[in-house]
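I have placed the structure first, in the form of structure tokens, so that the comments after it can refer back to it.
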Amino acid sequence: MDVPLRMLRWAVHVTACGLLAIAVTGALREGRPAVALEGALLGLLYAAGPLVFLGRPVGERVWLGVVTVAWIVPAVAAPSFVWLAFPLLFAYLHVLPLWGAMFGVAVLTSAAVLAAAWHAGGLSVPLLVGPGLAAVVVTLLALACKALHAEAERHRAK
């Protein structure tokens, strides 16, 4: 059971890095080095979290708050950074207790919808449904993984 969970974590991190690389490259192509730098700093903060705070609940929560605030700045500046919210959803579901994670997922998804709508010049059905559906899928996938992990731990304890 550990291998699939590790693979999922790596997939989330690779997705975050890929989305970040696309967003930073796009900002550079648009001649917006300050936005690209904000994105690079966000990437450094994201990468530092698991290395520095692994297994320290208070540290993980502080890291998550800092990364979320750091995400807001480039997400408001360039639409390609908005989609980095979705790898962050996994972090919310991993770091926070369930009630806090659900609240965080709702707030982060709403922020992503609002930022995307702001960049698009208005709210549309796809901008509302897409992130909402993605948040539901991410949440269900993360909860299923937690349940599988708990089940594997129960079997190991026997």
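No lab work stands behind these numbers, since they all come straight from the coordinates. Since the structure is predicted, the reported quantities are computational estimates derived from the model, not experimental observations. Backbone-built Cβ (ideal geometry, glycine too); neighbour counts: all protein chains shown.
Calculated from the structure at hand, Rg/Rh (Cα atoms, Kirkwood Rh) is found among (i) 0.99; (ii) 1.45; (iii) 0.95 as (i). Using Cα atoms only, what is the angle between the long axis of helix 2-29 and the major principal axis of the chain, expressed in degrees (0 to 90) to the nearest 10? In the chain, helix 2-29 runs at an angle near 10 degrees to the longest axis. Taken one residue at a time, the phi angles of the range 110-122 give Karplus couplings (6.51, -1.76, 1.60, θ = phi - 60°) of 4, 5, 5, 4, 5, 5, 5, 5, 4, 5, 7, x, x Hz. Gly and Pro are set to x. Spatial offset of the range 102-158 relative to the range 10-43 amounts to 21 Å, using the alpha carbon center of each. Across Ala27, Ala36, Ala120, mean-square fluctuation computed from a Gaussian network of the chain (C-alpha pairs under 10 Å connected) peaks at Ala120. For the chain, the longest principal axis of the alpha carbon atoms and the long axis of helix 33-53 meet at an angle near 10°. Around the Cα centre of the chain, unit charges on the Cβ atoms of Lys, Arg, Asp and Glu (plus for the first two, minus for the last two) sum to a dipole of about 340 debye. Relative to the longest principal axis of the Cα atoms of the chain, the long axis of helix 85-95 lies at roughly 30 degrees. Take every Cα pair under 8 Å whose residues are at least 6 apart in sequence, average their separation, divide by the length of the range 31-158, and the relative contact order is 20 percent. Annotation: the residues Thr15, Thr139, sorted from fewest to most other C-beta atoms within 10 Å of their own C-beta, follow the order Thr15, Thr139.
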